[in-house]
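J.: Once you've had a glance at the structure underneath, I'll fire off some questions.
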Amino acid sequence: MGNVFDRKDRGIREHRLSYGQGPAALRNQESLDKEKNCPLHIAVTGEHGSGKSTFVNAIRGLDNTDEGAAPTGSVGTTEDVRPYPHPNHPNVTFWDLPGIGTSKYPSAEFVELVRFERFDFFIIVSADRLRENDVKLAKEIQRMGKKFYFVRSKIDNNIRDKESRQREFDAERTLMLIRENCIQGLQEQGVRSPQIFLVSSFELHLYDFPLLADTLERELPDLRRDAFLFSMPNNSLEMIDRKKTAFHSKIKYFAALSAAVAAVPLPGFSVVVDFILLAAVVSQYVSGFGLNTSSLNKIASLATLMKKEEGYRFIPVFVIPVTMGLSFLTTHRALNICLNALASDAGRVFRKALS
Ligand SMILES: Nc1nc2c(ncn2[C@@H]2O[C@H](COP(=O)(O)OP(=O)(O)O)[C@@H](O)[C@H]2O)c(=O)[nH]1
Ligand SMILES: [Mg+2]
């Protein structure tokens with residue numbers, strides 16, 4: 001640690017620096033706000049019983065029995081269009097849509113009735129072969145210049161089924177055959193370059209769900225990409241890593257913002273703002289990594305585990321002393337420390353949840 005004079009000198013240097021960054025920092029905040037408030041609407045549709053509602057729940061990190069979960073099975077038979085906002089990321093909404101061609105939503109009027117244009121993209125869920133109506137819908141979506149992805153659901157059932165019947169069972173080969181079969185069927189019915197993902201909503205970390213999440217993220221427009229990424233469940237270590245990288249790339253904006261605030265000549269002002277800023281950013285990390293209490297409570301074994309395992313720490317205590325307005329460098333460093341700690345906690349929670 002340098003002595004008091006060093007620190008003061010540094011403070012003045014940084015103070016000068018931050019003056020120059022004022023307007024840029026404001027622009028940064030504007031674009032960060034825009035991103036935070038950028039809504040994303042994802043339609044999940046398909047035949048009744050195909051597993052739409054279960055998928056909508058799973059992708060939001062919920063079990064079918066959780067509060068706020070979409071009703072499933074025989075109770076989930078309503079034919080309504082229902083929005084399900086992500087519990088930690090309310091700007092990301094999944095819509096549970098009835099399949100096309102039901103009595104309330106006949107094919108001819110489907111597009112208008114569900115207000116098609118409001119969705120950013122479509123996920124068409126099917127539990128076995130794709131229905132004529134699903135294909136019709138896919139073509140309509142394509143015609144409107146929007147994107148859709150096929151989810152072949154309940155793949156765990158197929159695997160279990162084959163496993164019990166075949167003596168030399170090869171899971172990869174089974175999956176490949178199902179995939180090829182679906183693609184061929186779609187192409188025969190005139191769907192251009194279909195993308196199909198084999199998913200079990202009960203085991204999102206297996207099969208093609210991680211690939212689906214990757215693909216959606218990649219194909220979304222820039223502003224919506226991060227909102228989507230942060231709302232995804234941590235179903236692989238790579239996912240956690242990608243979230244970390246995305247969060248990391250924004251640290252410089254927050255640091256610049258905090259430095260600009262430090263330049264405001266009001267006593268105490270920057271301390272308060274810094275604290276609010278840091279707390280807000282860190283809370284984004286916490287929910288982005290699914291480390292908030294409600295998400296953690298879902299991993300039943302975790303509470304006992306924390307008691308048992310000495311030194312297990314999954315939420316960093318907010319220890320950065322904000323006794324003076326933070327400079328660019330200190331904010332940068334503080335956020336880096338928190339981000340690293342939370343990302344590695346997320347990795348540990350993921351491994352524990354698997355084991
Ligand atoms: N094994 C298995 N069952 C599933 C899966 N997804 C849904 N189900 C079951 O399929 C049934 C219908 O699911 P639901 O989500 O209500 O279908 P929806 O009518 O399309 O909304 C329920 O009993 C679910 O538990 C899955 O990935 N694997
Ligand atoms: Mg349903």
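J.: I'm checking my understanding of the structure. Among residues of region 342-355 that are assigned to a helix (DSSP H, G or I) and either farther than 25 Å from LEU204 by Cα or open to solvent by 70 Å² or more (accessible area, probe 1.4 Å) (or both), which one is modelled with the lowest pLDDT?
T.: Only one residue fits best here, namely LEU354.
J.: Taking region 65-98 only, how many residues are within 10 Å of ligand 2 (Cβ to nearest atom), at pLDDT 90 or above and farther than 17 Å from PHE116 by Cα?
T.: Looking only at that region, the number is 3.
J.: Take the residues of region 95-152 that are among the aliphatic types (A, V, I, L, M) and in a strand (DSSP E or B): which is nearest to GLU219 (Cα to Cα)?
T.: Taking the candidates together, the pick is ILE123.
J.: Now for a separate question. Pairs, please: C-beta under 6 Å, at least 6 apart or cross-chain, first residue outside any loop (DSSP other than H, G, I, E, B) and in region 201-222, second more than 16 Å from ligand 1 (Cβ to nearest atom) and among the hydroxyl-bearing types (Ser, Thr, Tyr)?
T.: These pairs meet every condition: PRO210/SER236.
J.: Say whether the condition of being open to solvent by 10 Å² or more (accessible area, probe 1.4 Å), away from ligand 2 (no atom under 15 Å from the Cβ) and within 19 Å of the chain's Cα centre (by Cα) is met by at least one residue in region 130-145.
T.: no
J.: Hey, another quick one. Quickly run through region 94-112 and pick out the residues that are surrounded by fewer than 21 Cβ atoms within 10 Å (Cβ to Cβ) and in contact (Cβ under 8 Å) with a residue 12 or more places away in the chain.
T.: Once the filter is applied, which keeps residues that are surrounded by fewer than 21 Cβ atoms within 10 Å (Cβ to Cβ) and in contact (Cβ under 8 Å) with a residue 12 or more places away in the chain, region 94-112 yields GLY101, THR102, SER103, LYS104, SER107, VAL111.
The rows are residues; the columns are (1) near ligand 1 (Cβ under 10 Å from one of its atoms); (2) in the same structural domain as ILE141 (by TED's automatic domain parsing); (3) open to solvent by 20 Å² or more (accessible area, probe 1.4 Å); (4) at negative phi.
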{"residue": "VAL44", "(1), (2), (3), (4)": "yes, yes, no, yes"}
{"residue": "GLU47", "(1), (2), (3), (4)": "yes, yes, yes, yes"}
{"residue": "THR54", "(1), (2), (3), (4)": "yes, yes, yes, yes"}
{"residue": "ALA58", "(1), (2), (3), (4)": "yes, yes, no, yes"}
{"residue": "GLY61", "(1), (2), (3), (4)": "no, yes, yes, no"}
{"residue": "ASN64", "(1), (2), (3), (4)": "yes, yes, yes, yes"}
{"residue": "GLU67", "(1), (2), (3), (4)": "no, yes, yes, yes"}
{"residue": "ALA70", "(1), (2), (3), (4)": "yes, yes, no, yes"}
{"residue": "SER74", "(1), (2), (3), (4)": "yes, yes, yes, yes"}
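The values are calculated or read from the model by the stated rules, or taken from the named source; none is laboratory data. Keep in mind that what you see is a predicted model, and the values were worked out from it rather than measured. Cβ: placed from backbone, ideal geometry, glycine included. Neighbour counts: every protein chain shown. To get the accessible areas, we keep the full protein, side chains included, count just its heavy atoms, and leave off ligands, DNA and RNA. Shrake-Rupley method; radii C 1.70, N 1.55, O 1.52, S 1.80 Å.
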